1. Just to be sure I understand, how many residues within the stretch 2-47 are within 15 Å of GLY68 (Cα to Cα), modelled with pLDDT of 90 or more and crowded, with 18+ Cβ neighbours inside 10 Å?
2. For the list (1) touching a Cys at 6+ places or on another chain (Cβ under 7 Å); (2) among the aliphatic types (A, V, I, L, M); (3) within 18 Å of GLU104 (Cα to Cα), I need the number of the one condition that ALA172 fails.
3. Given (1) modelled with pLDDT of 95 or more; (2) among the charged types (D, E, K, R); (3) in contact with a strand residue (DSSP E or B) (Cβ under 9 Å, 6 or more places away or on another chain); (4) surrounded by fewer than 13 Cβ atoms within 10 Å (Cβ to Cβ), where does ASP101 come up short, assuming only one miss?
4. Under 9 Å between Cβ atoms, at least 6 apart or on separate chains: pull out the pairs that start in the stretch 67-89 with a residue that is within 11 Å of ILE8 (Cα to Cα) and without any contact (Cβ under 8 Å) to a residue 60 or more places away in the chain and end on any residue that is assigned to a helix (DSSP H, G or I) and of a type in the set (Gly, Ala, Ser).
5. Just need a number here: residues in the stretch 124-166 that are in contact with a Leu (Cβ under 7 Å, 6 or more places away or on another chain), part of a loop (DSSP other than H, G, I, E, B) and loosely packed, with under 15 Cβ neighbours inside 10 Å.
6. When you scan the stretch 66-110, how many residues do you find that are out of contact with any Phe, Trp or Tyr (no Cβ under 9 Å at 6 or more places or on another chain), farther than 22 Å from LEU198 by Cα and assigned to a helix (DSSP H, G or I)?
7. Restricting attention to the stretch 128-151, and to residues there that are modelled with pLDDT under 95 and hydrophobic (A, V, I, L, M, F, W, C), which single residue is nearest to ARG200 (Cα to Cα)?
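The values are calculated or read from the model by the stated rules, or taken from the named source; none is laboratory data. Being a predicted model, the structure only gives us computed values, none of them experimental. Glycine gets a Cβ as well: all are built from the backbone with ideal geometry, and neighbour counts include every protein chain shown.
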Amino acid sequence: MPTSGDRIYLASRSPRRRELLRQIGIDFEILLLREHSARQPDVDETPLARENPDDYVRRVCREKAATGWRRLTARGLPRLPVLAADTTVCLDQRILGKPADNAEAAAMLAALSGREHRVLTAVAIQFDAEVEMTVSESIVRFDLLDEAAIAAYVAIGEPLDKAGAYGIQGHAAAFISELRGSYSGVMGLPLYETATMLRRLRKKIDA
């Protein structure tokens, strides 16, 4: 387990990642990056041409950690490790991001219905030039969903801020017939991998 004295910055707005870090006793402060504003976001999450999901999730996560570290140094904040994460849902080689509206959310859920898909969550922790990174891969199978079930789920608003248009910790848990991998990884932060990286980074910092 991480030691109680360890503290980090979390470069994420996700309430789910905050909840997961608290679950394993990580002391953290929020280091916000711009996502939606009049100015450009700090990290462009648009997939590159012909970029596969594995490369995409690694690139975006690494950029988030690096951007967080630059923001920390520019503000003159105490030097603590910066943790960033990115979760990508992919169906075959198609990246399913956060839906723009209810219609796109319904289309994503219809595409996932009755099929397996991959959930990739990359985690990067940066301290000075030292970067630890890992990717958790989970396989999720959805039951067959009819139009009424999809419409009811979309109506509650849960899909709109989530990659792939669903949250495993919410109502969509009733759709999942099989999960192979990390529940917390699908939720947004693989806890075992994160705790392992923090221990490894702490040894390097203390060496």
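1. The number of residues fulfilling the criteria is 7.
2. (1)
3. (3)
4. none
5. So the answer is 0.
6. Number satisfying all stated conditions: 7.
7. So the first thing to find is which residues in the stretch 128-151 are modelled with pLDDT under 95, and the list is 128-132.
Remaining after also requiring hydrophobic (A, V, I, L, M, F, W, C): 129, 131.
On the way: ALA129: 15, VAL131: 11 Å.
Taking the candidates together, the pick is VAL131.
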